[in-house]
Amino acid sequence: MLVISDGDIIANETFKNEPLPINNDKWTGQAYGNSSFLLNSVQYLLDDSGILKLRSKNLKIRFLNKEKAFAERTFWQILNLILPLLILAIFGVLFQFFRKRKYSS
């Protein structure tokens with residue numbers, strides 16, 4: 001992803017209804033590097049070599065051990081249900097405790 005904060009970097013200025021080159025300033029005639037920057041950024045975003053490397057990449061899928069997964073099924077279910085609720089309850093109790101302590105007269 002490429003983020004450029006100024007949209008005028010790609011705007012062509014015109015002189016007598018003719019577009020000027022993208023890297024020239026209309027008033028000073030000074031040449032900037034906008035066109036080379038844009039070409040380099042598009043080339044970077046396209047990254048043909050990276051796309052070719054991704055196409056030839058081998059993906060190795062590792063499967064779960066079914067016996068172990070079924071043996072520990074209830075443990076992980078209980079852990080994923082109880083632990084978040086327990087953490088939430090602890091924070092709730094602490095919040096109420098400190099709130100009562102702060103605002104009690």
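Descriptive notes on the structure:
- Long-range HN-HN contacts of Glu13 with modeled amide H, under 5 Å: Leu20
- Extension gain for Ser56 to Leu86 (0.36 nm times residue separation, less C-alpha to C-alpha distance): 6.1 nm.
- Compactness of the chain, expressed as Rg and Dmax over alpha-carbon positions, Å: 30.6, 80
- Among Lys57, Lys26, the ranking by other beta carbons within 10 Å of each residue's beta carbon, starting with the fewest, stands as Lys57, Lys26.
- Placed amide H near Asn24: partners under 5 Å, 5+ positions off or other chain: Tyr32
- Dividing the summed -39500 (n - 2.57) terms of all DSSP H runs of n ≥ 4 by the residue count of the chain sets its mean residue ellipticity at 222 nm at -18000 deg cm²/dmol.
- At R0 = 41 Å, FRET efficiency that the Cβ-Cβ distance of Glu72 and Phe98 yields, to 0.05: 0.65
- Label-to-label distance, nm, for residues given as Asn65 and Val3 (7 Å Cα→Cβ offset): 4.4 nm
Rule-based calculations on the coordinates, nothing more; no lab input. Keep in mind it's a predicted model, so treat the numbers as computed, not measured. Methodologically, a virtual Cβ is constructed for each residue, glycine included, from the backbone with ideal geometry; neighbour enumeration extends over all protein chains shown.
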